[in-house]
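Trainee: Dropping the structure in here first, questions after.
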Amino acid sequence: MTSTLYHPACCSPLSDHWPLPLALPGAQLISTRFDPALLDPDDFTRCGVPGMSAVSKRQTEFLAGRLCAREALRRVTGAPCIPAVNEDRSPCWPAGVVGSITHGAGWAATVVARREQWRGIGLDVEKQIAVARADRLVAEILTPLELGDYAALNEAQRGLRVTLTFSIKESLFKALYPLVNKRFYFQDAELIHHDSSGYARLRLLTDLSEEWNTGAELDGQFVQFEDYLLSLVGITA
């Protein structure tokens, strides 16, 4: 990938590799790796990204996500702009565009698509959760139905189950929140199916709007790479 725009040393060259099982028609996913130790205080100005007051890790992941968004928007719309920040801290996408930014543990990505094809889109990356932490968090993240077979899983399976459920529900929130303008939480949706192909299906357990109410189901997908889990939920137009 080539670009005449400034690219900071704290971020690896941008990649347009689609790591998930199923490509979304018309969507563009751009990713990068980032290293806070290599952040230059002038990188924000050079990149045209508004600065922020935070520790270097937070600054670098924010910068990395915005650079991915700029390139994804360039590819989808022809305009390489930096999304502003809404009052609720979510990205403010240009008219006619939906998107999602995620970052964690040195990896960042953005997915962008035209609203005429996708009404909502959510992307989330998580580091694999260690089993000891998974066992501590499980009751917060999994619903009673999801907890049904948890105790019978081995350690690796328990860690993966909590990581996947956490991530896919984060992706669901990012996809739905702009449509319903109502916050919801881990116990307000459940993962009713997932398989080795990377396919997942979720069900809402609360009413968010007339359209998105209790019992509504949505498709998602996920992939494991290195020690990350990446998930995505897309809502077709």
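Trainee: Whole-Hz Karplus ³J(HN,Hα) for region 122-137, in order, using 6.51 cos²θ - 1.76 cosθ + 1.60 and θ = phi - 60°, x for Gly and Pro?
Mentor: x, 10, 8, 10, 9, 6, 3, 7, 5, 4, 4, 6, 4, 5, 6, 8
Trainee: At R0 = 45 Å, how high is the FRET efficiency between Tyr199 and Ala9 if r is their beta carbon distance? Nearest 0.05 is fine.
Mentor: Rounded to the nearest 0.05, the efficiency is 0.70.
Trainee: Where only protein heavy atoms count, and the probe is 1.4 Å, what is the accessible area per residue for the chain in Å²?
Mentor: 47 Å²
Trainee: Which residue, Ala54, Leu38, His17, has the largest displacement toward the positive end of the dipole of region 16-84 when charges sit on each Cβ (Lys, Arg +1; Asp, Glu -1)?
Mentor: His17
Trainee: I've got another one for you. Sort 33-45, 94-106 by the packing proxy (mean of other Cβ within 10 Å over each peptide's residues), most packed first.
Mentor: Going from most to least packed, we get 94-106, 33-45.
Trainee: How large is the charge dipole for region 141-232, taken about the Cα centre, if only the Cβ atoms of Lys, Arg (+1) and Asp, Glu (-1) carry charge, to the nearest 20 debye?
Mentor: 160 debye
Trainee: Can you give the log10 of the normalised intensity I(q)/I(0) at q = 0.12, 0.23, 0.24 Å⁻¹, computed with Debye over equal Cα scatterers of region 1-64?
Mentor: Treating every Cα as an identical point scatterer, log10 I(q)/I(0) equals -0.36, -0.97, -1.02.
Trainee: Still on this structure, please answer the following. Hey, if we sort Cys81, Cys68 by accessible area with the 1.4 Å probe, largest down, what's the order?
Mentor: From most accessible down to least: Cys81, Cys68.
Trainee: Let me ask something else about it. Leaving out ligands, DNA and RNA, and with a 1.4 Å probe, what % of the accessible surface on the chain is carbon or sulfur?
Mentor: Carbon with sulfur: 52 percent of the solvent-accessible area.
Trainee: How do Glu211, Glu217, Glu190 stack up against each other in accessible area, from largest to smallest, with a 1.4 angstrom probe?
Mentor: Most to least solvent-accessible, the answer reads Glu211, Glu217, Glu190.
Trainee: Enumerate by residue number the GluC sites (Glu not before Pro) in region 112-167 meeting two conditions: DSSP loop (anything except H, G, I, E, B), and at most 14 other Cβ atoms within 10 Å of the site's Cβ.
Mentor: Answer in residue order: Glu116.
Trainee: Round to the nearest 0.05 the FRET efficiency obtained for Arg46 and Ala84 when R0 = 22 Å and r is the Cβ-Cβ distance.
Mentor: 0.75
Trainee: Note the angle between two axes, namely the Cα long axis of helix 155-180 and the longest principal axis of the Cα atoms of the chain, as a number of degrees from 0 to 90, rounded to the nearest 10.
Mentor: The angle comes out near 70 degrees.
Trainee: What does the accessible area of Tyr6 come to, in Å² to the nearest 10, when a probe of 1.4 Å is used?
Mentor: Counting only protein heavy atoms, Tyr6 exposes about 80 Å² to solvent.
Trainee: Stick to Cα atoms and the Kirkwood definition of Rh, then tell me Rg/Rh for region 1-130.
Mentor: 0.94
Trainee: As an exercise, use a Förster radius of 35 Å and the Cβ-Cβ distance of Val55 and Gln117 to find the FRET efficiency, rounded to the nearest 0.05.
Mentor: About 0.40, to the nearest 0.05.
Trainee: Where the centroid of each part is defined by its Cα atoms, how far is region 27-94 from region 183-207 in Å?
Mentor: 29 Å
Trainee: A follow-up question, please. Can you run phi through the Karplus equation (6.51, -1.76, 1.60; θ = phi - 60°) for region 17-30 and list ³J(HN,Hα) in whole Hz, with x for Gly and Pro?
Mentor: My calculation for region 17-30 gives 5, 9, x, 7, x, 10, 6, 8, x, x, 8, 10, 10, 10 Hz in order.
The values are calculated or read from the model by the stated rules, or taken from the named source; none is laboratory data. From a predicted model like this one, the values you see are computed outputs, not experimental measurements. Note: ideal-geometry Cβ built from the backbone for every residue, glycine included; neighbour counts use all protein chains shown. In case anyone asks, the SASA skips ligands and DNA or RNA and just uses the protein heavy atoms, side chains included. Shrake-Rupley method; radii C 1.70, N 1.55, O 1.52, S 1.80 Å.
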